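The values are calculated or read from the model by the stated rules, or taken from the named source; none is laboratory data. If you're wondering where the values come from, they're calculated on a predicted model, not measured in any experiment. Positions of Cβ are generated from backbone atoms using ideal geometry, with glycine treated the same way; all protein chains shown enter the neighbour counts. Protein only, heavy atoms only, side chains kept; ligands, DNA and RNA dropped before computing areas. Shrake-Rupley method; radii C 1.70, N 1.55, O 1.52, S 1.80 Å.
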Amino acid sequence: MDLRIDPITDDSPVRLPDPLPFGRIFTRRMFTERWDAVHGWHDAVIGPYRPLMLDPAAQILHAGQAIFEGMKAYLRPDGRLNLFRPEANALRFNRSAERMAMPALPVDRFIEAIEALVRLEHEWAPRGDGASLYIRPVMFASEPTFEVRAAREFLHYVVLSPAGPFFASGFQPVAVLVSEEHIRAARGGTGTAKTPGNYAASLSAIEAARARGYQQVLWLDAVERRFVEEAGAMNVAFVYDGREIVTPALSGSILPGITRDSILRLAPDLGFPVRETRLDIATIVADVDAGRITEAFCMGTAAVVVPIGRIGHHGADHVVGDGVAVPVAQRLYRALTDIQYGRAPDPYGWTRVIHAQADIQYGRAPDPYGWTRVIYAQAPSSERSVA
Ligand SMILES: Cc1ncc(COP(=O)(O)O)c(C=O)c1O
């Protein structure tokens with residue numbers, strides 16, 4: 001990629017607030033590039049973080065062609081940063097783009113933009129359990145038009161947010177309310193795409209659940225209103241008899257989470273068998289009440305694993321296990337975050353190390369970009385051979 005790097009004016013040392021909120025602070029630089037049918041992807045620039053100039057007729061504001069991703073860079077004990085399965089995010093970005101009739105973005109280009117930006121903003125990565133440099137790639141239709149058709153101009157940008165833990169209260173079980181009135185997504189719709197409309201459509205149910213003392217909504221399928229799909233903007237799983245992990249099979253209206261996929265691969269290696277199937281909410285609450293379901297948890301990049309302590313359904317509350325102890329969720333959280341933060345070996349090849357720009361400049365890290373030029377000292381005259 002032909003990438004221009006513009007200077008920024010504010011070069012003062014980075015100071016992060018304590019406590020660090022989630023998703024409200026942004027670094028000083030951003031990546032942008034544009035697409036049109038004639039030039040393809042072009043004008044790739046990393047420059048100062050700034051408001052976007054948008055034509056009021058931009059198609060995004062009327063027909064809503066937009067997609068995004070959510071991923072993180074994790075600070076390793078050696079001071080370098082790990083990206084976690086960025087190819088998986090790149091592939092999902094492209095699946096979302098295809099569903100929303102938007103242009104493809106080559107996987108290498110998606111990752112290169114992120115790596116170049118994260119390398120420059122390395123010092124914004126916060127330390128601490130649950131803290132990370134959150135990465136938000138976005139693509140949207142920028143063409144000014146009221147016609148209802150796929151746009152012909154798009155903007156792709158990436159911004160970064162140093163973020164504290166998603167749930168300020170830490171690893172505490174949350175309460176979820178089964179949504180009876182609203183659905184998140186229908187098969188054949190856009191539920192498997194990461195597109196803002198899905199989230200906009202979920203907000204009134206989330207606000208209503210919060211007003212009743214629940215933190216998240218438990219979504220059911222759109223057709224029969226019976227089968228469990230997701231919890232808030234996370235995938236969901238249930239633990240049977242302290243051992244077996246059962247999660248809704250991808251139904252065509254569930255977002256295929258990368259955390260979900262990672263946990264399904266990791267859990268059997270920790271001695272927890274996994275099963276993907278259709279999960280009837282009536283069976284789930286009966287199994288919770290009978291004590292067969294000992295834990296329930298949500299899975300997603302932002303919070304990694306969030307235990308569910310209570311499920312509200314048809315006006316009654318069902319407490320999962322004792323509502324507090326979550327040994328399986330805790331074990332999975334620890335095992336996955338140990339890999340993400342580089343505290344444990346990564347036998348799955350999920351992590352990708354990013355070197356800070358300074359490490360490349362000082363020769364402490366390899367230079368895949370050809371940025372450096374080594375100057376060899378001339379030997380002192382006493383060591384020079386005399387012809
Ligand atoms: C609707 C929805 N489901 C599930 C997830 C979890 O996906 P991931 O684990 O890739 O973050 C997310 C978050 O991206 C989401 O928005």
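Here are the numbers for the structure shown:
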{"item": "Wholly enclosed strands (runs of 3 or more DSSP E) of region 1-118 bearing at least 1 residues open to solvent by less than 80 Å² (accessible area, probe 1.4 Å) and more than 26 Å from PRO345 (Cα to Cα)", "result": "3-5, 29-36, 40-48, 66-68"}
{"item": "From the options ARG243, ARG226, ARG265, ARG260, residue that is modelled with pLDDT of 95 or more, in contact with a Leu (Cβ under 7 Å, 6 or more places away or on another chain) and farther than 30 Å from LEU61 by Cβ", "result": "ARG226"}
{"item": "Which listed residue is more than 15 Å from GLU33 (Cβ to Cβ), without any contact (Cβ under 8 Å) to a residue 40 or more places away in the chain and not polar (S, T, N, Q), from GLU121, GLU98", "result": "GLU98"}
{"item": "Subset of region 143-175 that is small (Gly, Ala, Ser) and open to solvent by 30 Å² or more (accessible area, probe 1.4 Å) - its residue that is farthest from ASN94 (Cα to Cα)", "result": "SER169"}
{"item": "Restricting region 179-191 to residues that are within 30 Å of GLY40 (Cα to Cα) and within 16 Å of the ligand (Cβ to nearest atom), the residue that is surrounded by the most Cβ atoms within 10 Å (Cβ to Cβ)", "result": "GLY191"}
{"item": "When residues of region 210-226 are limited to those that are buried (at least 21 other Cβ atoms within 10 Å of the Cβ) and closer than 19 Å to THR283 by Cβ, the one nearest to the ligand (Cβ to nearest atom)", "result": "TRP219"}
{"item": "Top-ranked residue of region 119-153 - restricted to ones that are of a type in the set (A, V, I, L, M) and part of a loop (DSSP other than H, G, I, E, B), ranked as nearest to ARG4 (Cα to Cα)", "result": "ALA125"}
{"item": "GLY257 of a type in the set (Gly, Ala, Ser), within 16 Å of the ligand (Cβ to nearest atom) and in contact (Cβ under 8 Å) with a residue 60 or more places away in the chain", "result": "no"}
{"item": "Positions within region 256-306 being among the small types (Gly, Ala, Ser) and within 24 Å of PHE93 (Cα to Cα), in sequence order", "result": "GLY257, SER262, GLY300, ALA302, ALA303"}
{"item": "LEU160 being within 16 Å of the ligand (Cβ to nearest atom), in contact with an Asp or Glu (Cβ under 9 Å, 6 or more places away or on another chain), not basic (Lys, Arg) and not in a loop (DSSP other than H, G, I, E, B)", "result": "no"}
{"item": "Scan of region 272-319 for residues that are touching a strand residue (DSSP E or B) at 6+ places or on another chain (Cβ under 8 Å), open to solvent by 50 Å² or more (accessible area, probe 1.4 Å) and assigned to a helix (DSSP H, G or I), ordered by number", "result": "ASP289"}
{"item": "Residue list for region 252-262, restricted to those being in a helix (DSSP H, G or I) and closer than 18 Å to LEU218 by Cβ", "result": "THR259, ARG260"}
{"item": "Selection count where residues are aliphatic (A, V, I, L, M), within 16 Å of the ligand (Cβ to nearest atom) and closer than 21 Å to LEU117 by Cα, scope region 56-94", "result": "7"}
{"item": "Residue check for ALA267: within 15 Å of the ligand (Cβ to nearest atom) and either more than 21 Å from SER202 (Cα to Cα) or open to solvent by 40 Å² or more (accessible area, probe 1.4 Å) (or both)", "result": "yes"}
{"item": "Failed item in (1) within 14 Å of the ligand (Cβ to nearest atom); (2) more than 21 Å from the chain's Cα centre (by Cα), with ALA200 passing the rest", "result": "(2)"}
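Yes/no per residue for (1) within 23 Å of ASN89 (Cβ to Cβ); (2) aliphatic (A, V, I, L, M); (3) open to solvent by less than 10 Å² (accessible area, probe 1.4 Å):
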| residue | (1), (2), (3) |
| --- | --- |
| LEU177 | no, yes, no |
| ALA193 | yes, yes, yes |
| MET234 | yes, yes, no |
| ALA237 | yes, yes, yes |
| ILE254 | yes, yes, yes |
